[in-house]
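Right, one structure below, let's go through it.
Here, each number is a calculation from the coordinates, and none is a lab measurement. Quick caveat: nothing in here was measured; it's all calculated off a predicted structure. Positions of Cβ are backbone-derived with ideal geometry, glycine not excepted, and every protein chain shown enters the neighbour counts.
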Amino acid sequence: MVFTVKNDFWEELIGRALLQCKEWHEDRNNGQCCWLPLYRSLEDKRRAKFLDDAESALSWIGTTTSLPAARLDSWGLVTLGFADGGTLRIVQDRSGTGYRATFEAEHFTLVIRQESLNTTSVAHITPHQHPLPKPGISEGAWKTLYRTGSSVDRHDDLIAWIGNQPIRPPPKLVDGSWDNKIGKAIFDYQFTKNMKKKLRCAIFNCYDAWEASLHSYPNDPFLTRHARPIMKNLRKFKVFVDGSWSDYCQEITSEEDILHYSEKQLEIVGSHPSANAGFEVDKLKLAFEQHKIILALQKLLLLSVRIPEQLSTKGTGEMLLLAGPVEL
């Protein structure tokens, strides 16, 4: 048996699977292959259409070396995991080339694993009934995630500002009003990589503004007290962006610490009268605006759900095998 699942039909398949997955657990002990629920989620008219040219399609289901198997576009399956409320947990092997990712969703557990960079990823779906409700993301959110790599629409105020010039985050993002909203957002690796570039630029601009202020007013009591410690911590923030740590920044070891330091810095610089002055040329005013950008981007990066690079396969054509019996 062979059928294709082309890109144009993945959204339809995910939508129908979400409607039917609450019944998948009833067949889990019947020895069926774990890809069979996805096949049954297709409309009957689709099954007939997908019999032709299966191996040339981006996604197909059939047999591999006489074993029941599915070869699917991995991004569609990752989106399905999030759409059913899946909580992602990923473990790297010691070599750093293999991983095991687990989505604990409401109606199934999806496991994706890869032994090394030279092997194909393999996935299993295990239907179950979750003891507690785990509502998935909205239809609009998972469709946006599948199409763009972000569950948040690019016109949404939460992220629309990132592409503006000058870049100015919404006050509700900075003051914590949208923290819960951020916690529901899902961003793939490419999206977070772009935000990290923006964050790196803001850190450099902020550092330069503090340095210029200290150079212009070396005897200012406010600057002599706060400038150097804040500049030192800005360098530590850059380490977070770079993804590497060194001895000089060991005291910042958690994401919570990063946000705490950033909020405190914004509070300190905001207490100076010139930070809220009407004129734009003051360097401390510039530093204040950059601190807002830094905190806003850090919140988006640290409070959201970030999809790791291994699973951020939108548009890459990367496949995985969904094969074998239901994993119990």
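When both segment 219-234 and segment 123-159 are represented by their alpha-carbon centers, they are found 43 Å apart. Scanning residues 5 or more positions from Ile307 or on other chains, those with amide H under 5 Å from its amide H are Phe187, Asp188, Tyr189, with H placed 1.01 Å from N in the peptide plane.
Compare the peptides 133-146, 162-175 by average per-residue count of other Cβ atoms within 10 angstrom and give them in order, highest first.
On the way: 133-146: 16.4, 162-175: 14.0.
Highest mean packing first, the order is 133-146, 162-175.
Amide H contacts under 5 Å for Ala323: Ala70, Ala123, restricted to partners 5 or more places along the chain or on a different chain, H placed in the peptide plane at 1.01 Å from N.
Note the full-extension length gain between Phe204 and Ser177 as 0.36 nm times their separation in residues minus their Cα-Cα distance, in nm to one decimal. It would help to have the intermediate numbers written out before the result.
Values: separation 27, 0.36 × 27 = 9.72 nm, distance 2.67 nm.
Taking 0.36 nm per residue and subtracting the Cα distance, the gain is 7.0 nm.
The 3J(HN,Hα) values that the Karplus relation (6.51, -1.76, 1.60; θ = phi - 60°) gives for segment 206-216 are, in residue order, 5, 4, 5, 5, 5, 5, 5, 5, 5, 5, 6 Hz. Gly and Pro appear as x. Converting phi to 3J(HN,Hα) with the Karplus coefficients 6.51, -1.76 and 1.60 and the offset θ = phi - 60°, segment 144-150 yields 5, 4, 4, 7, 10, x, 9 Hz in sequence order, with x at every glycine or proline. Here the Karplus relation 6.51 cos²θ - 1.76 cosθ + 1.60, evaluated at θ = phi - 60°, turns the backbone of segment 166-181 into coupling constants of x, 7, 9, x, x, x, 5, 6, 6, 7, x, 4, 9, 4, 5, 5 Hz, with x for every Gly and Pro. In this label model, Asp220 and His260 are separated by 2.8 nm, measuring between points 7 Å along each Cα→Cβ vector. When each of the peptides 286-293, 220-227 is scored by the mean number of other C-beta atoms lying within 10 Å of its residues, the order from highest to lowest reads 286-293, 220-227.
Under a 5 Å amide H cut-off, with hydrogens placed 1.01 Å from N, Thr109 pairs with Thr126, His128 among residues at least 5 apart or on other chains.
May I ask which of Lys134/Lys314; Lys172/Lys198; Lys134/Lys181; Lys172/Lys292; Lys172/Lys196 have a Cα-Cα span longer than 23 Å here?
Beyond 23 Å between Cα atoms: Lys134/Lys314.
Take each peptide in 78-87, 98-107, count the other Cβ atoms within 10 Å of every residue, and average; sorted highest first, the result is 78-87, 98-107. Would segment 110-269 count as rounded, prolate or oblate if I go by the C-alpha gyration tensor, calling it rounded below 1.5 in a/c and otherwise prolate when a/b exceeds b/c, oblate otherwise? Since a/c reaches 1.5 and a/b is larger than b/c, the shape of segment 110-269 is classed as prolate. Here the label points at Glu23 and Arg154, each 7 Å from Cα along the C-beta direction, are separated by 3.9 nm in the simple model.
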